[in-house]
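Laboratory data are not the source of any read-out in this text; all were calculated from the coordinates shown. On a predicted model such as this, the values are computed, not experimentally measured, just so you know. We place every Cβ from the backbone using ideal geometry, glycine too, and count neighbours over all the protein chains shown.
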Amino acid sequence: MASNRKVRRRRSVLVAAAVVTVVACGTGWMISARQGTSGTGVSVATETPATRDEMIRGLRDLLTEHGQQMPDTSDMSTQEIEERWVRARVKYSEPAEMPVVYACDGIKAVFTPDCW
């Protein structure tokens with residue numbers, strides 16, 4: 001009988017320790033997952049927007065790299081400069097920056113009938 005009590009006591013201690021561990025880990029996980037969100041569930045951007053001079057410099061560098069003439073920016077608003085800069089970045093973005101994977105390269109060539 002005495003050994004039965006010890007076994008029950010050990011089980012209750014182990015169950016209590018397991019419950020405390022699960023609750024503590026779950027609470028820590030919820031807190032860490034909640035830190036990056038705002039109260040409304042909307043993602044918050046942390047990148048600082050470029051200044052007017054940085055946008056002009058970026059636009060000038062991009063246009064001169066591709067042989068284009070830089071427009072006069074003294075009469076433009078900051079929003080117009082930003083729109084031109086974004087359009088130029090999209091227009092001159094290089095698809096070669098993406099990794100190229102050949103269809104019949106490596107182990108694929110053994111199993112793909114198109115490569116035989």
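Below are the figures for this structure:
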read-out	value
Additional length obtainable on full extension of the chain from residue 61 to residue 93, 0.36 nm per residue less Cα span	10.2 nm
Estimated inter-spin distance, residue 12 and residue 115, nm [label 7 Å along Cα→Cβ]	6.5
